[in-house]
Amino acid sequence: MSRTAQRRDALRATAAAQGLDAVLVTNLLNVRYLTGFTGSNGVLLVRTDGADLFGTDGRYTTQAGTQVPDVELLVDRATVAALARAAVQRGIGRLGYESHDLTVDGLAALEKVLADAGGAELSSVRRAVEAQREIKDDEEIDSLRRACTVADQALAELATEGALRPGRTELEVGRELDARMLQLGAEAPSFETIVAAGANSAIPHHRPDSTVLRDGDLLKLDFGATVEGYHSDMTRTVVLGHAADWQREIYELVAASQSAGRAALAVGADVVAVDAAARQVIVDAGHGEHFSHGLGHGVGLEIHEAPGIGQLGAGTLAAGMAVTVEPGVYLPGHGGVRIEDTLIVTDDEPELLTLTSKELLVL
């Protein structure tokens, strides 16, 4: 049985436990997770009796035949409506749907199609597939490893070649980092690369602009590579030229916080407690107000996915979860430091996937 078939069986069991006859999966990433389909129009009907149905339009008939060979195919441009009608025609009485994915108008349209076709009761399955996606299998973890390796190598090459130097702009550095990841095999950057120099490094999600890198600047680089649909996420902060005492001080503080956060990653650990383990280090140093975001998040087919590790998080960690640990201290008008890794929670020590050194690098 394929990985995707096993995943559909897991969703099938969830549907059966909720008294549903089938689940209509409309979120494209969830469709990809359950079938392997990478096109831009795909909907999946997972039935509790196993007679699943995959829908797409004529552009993807050949692709669907290759990527989804083990599910009956229905070709129709109005894919959601076509699968909904087919569900009623094939005896589905209670249909689960992804309420977080459908718009208000989309839900109204779905209800009308079902009514016109003879009627079926709708029930939200909420984020049932996302809950499955929290635990990565061996192949997913391997894709994450390779994505992290690409990012590690790209940064190492730029640093070795002197690309991170005064006189260049944030935009130039960001574009070169993106290009290098593509050259090394990434499908795309994981997200819009953050390059933040000097006072801009105090802005957690600064967008790179024409700011010129200067001697003495903190330079924050937050970036990642996408490999086989899976994202890496890493932040490193370096100093250009000469590091001032205050820069070394906050760097060492963030490094200590990040180490505490990594050490707290364990099977069964509450995500709020993991955040607290890292945050308390910064609070005790008097910089609690300068750490303004959560400690980390899940990463996989999306750059931000469950679980969220923060003060408002919920739940516990489990083996196979891919998460980030990324504390920061940001001093407005001066500069900031963030250090971030991607890791896999295991029954033993967490596996570190982003291997670039976290020693303070002065270039």
Given backbone amide H placed at 1.01 Å from N, residues whose amide H is under 5 Å from that of LEU122, ignoring those fewer than 5 places away on the same chain, are LEU95
With θ set to phi - 60°, apply the Karplus curve 6.51 cos²θ - 1.76 cosθ + 1.60 along region 25-38 and write out the HN-Hα couplings as whole Hz, x wherever there is a Gly or Pro. 9, 10, 5, 4, 5, 5, 4, 4, 4, 8, 10, x, 6, 10
Is the shape of region 3-133 best called rounded, prolate or oblate, per the rule: a/c under 1.5 gives rounded, else a/b larger than b/c gives prolate, else oblate, with a ≥ b ≥ c the square roots of the Cα gyration tensor eigenvalues? rounded
Listed by chain and number, the lysines with an alpha carbon less than 20 angstrom from that of LYS112, same-chain partners under 8 positions apart left out, are none
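What is the diffusion coefficient of region 257-363 in µm²/s, taking the Kirkwood radius over Cα pairs and the Stokes-Einstein relation at 4 °C with a viscosity of 1.567 mPa s? Present the calculation step by step, with values, prior to reporting the outcome.
Numbers: Rh = 14.0 Å.
So the translational diffusion coefficient is about 92 µm²/s.
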Please list, in order along region 236-253, the HN-Hα scalar couplings obtained from phi with the Karplus expression 6.51 cos²θ - 1.76 cosθ + 1.60 (θ = phi - 60°), rounded to whole Hz, x for Gly and Pro. 10, 10, 10, 10, 8, x, 10, 8, 6, 4, 5, 5, 5, 5, 6, 5, 4, 5
The ³J(HN,Hα) series, computed from each phi in region 48-64 with the Karplus coefficients 6.51, -1.76 and 1.60 at θ = phi - 60°, rounded to the nearest Hz and given as x for glycine or proline, is 5, 8, x, 8, 6, 9, 10, x, 8, 9, x, 5, 10, 4, 5, 4, 5
With semi-axes √(5λ) of the Cα gyration tensor in Å in mind, check [x] 43, 22, 17; [y] 34, 27, 18; [z] 30, 24, 20 and report the label derived from this structure. [x]
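Once you order the gyration tensor axes a ≥ b ≥ c over the Cα atoms, which shape class does region 138-352 get: rounded for a/c under 1.5, otherwise prolate or oblate by comparing a/b with b/c?
On the way: a/c = 2.11, a/b = 1.17, b/c = 1.81.
The shape class here is oblate.
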What percent does the relative contact order of the chain come to when contacts are Cα pairs within less than 8 Å and at least six residues apart? 14
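Taking only DSSP H segments of four or more residues, each worth -39500 (n - 2.57), what value at 222 nm results for the chain once the sum is divided by all its residues, to the nearest 500 deg cm²/dmol? Before the final figure, lay out the partial values.
On the way: 10 runs with 132 residues, N = 363.
So the helix-based figure for the chain works out to -11500 deg cm²/dmol.
Readers should treat all values here as calculations from the given coordinates under stated rules, not as data from a laboratory. Quantities reported herein were computed from a predicted structural model and do not represent experimental measurements.
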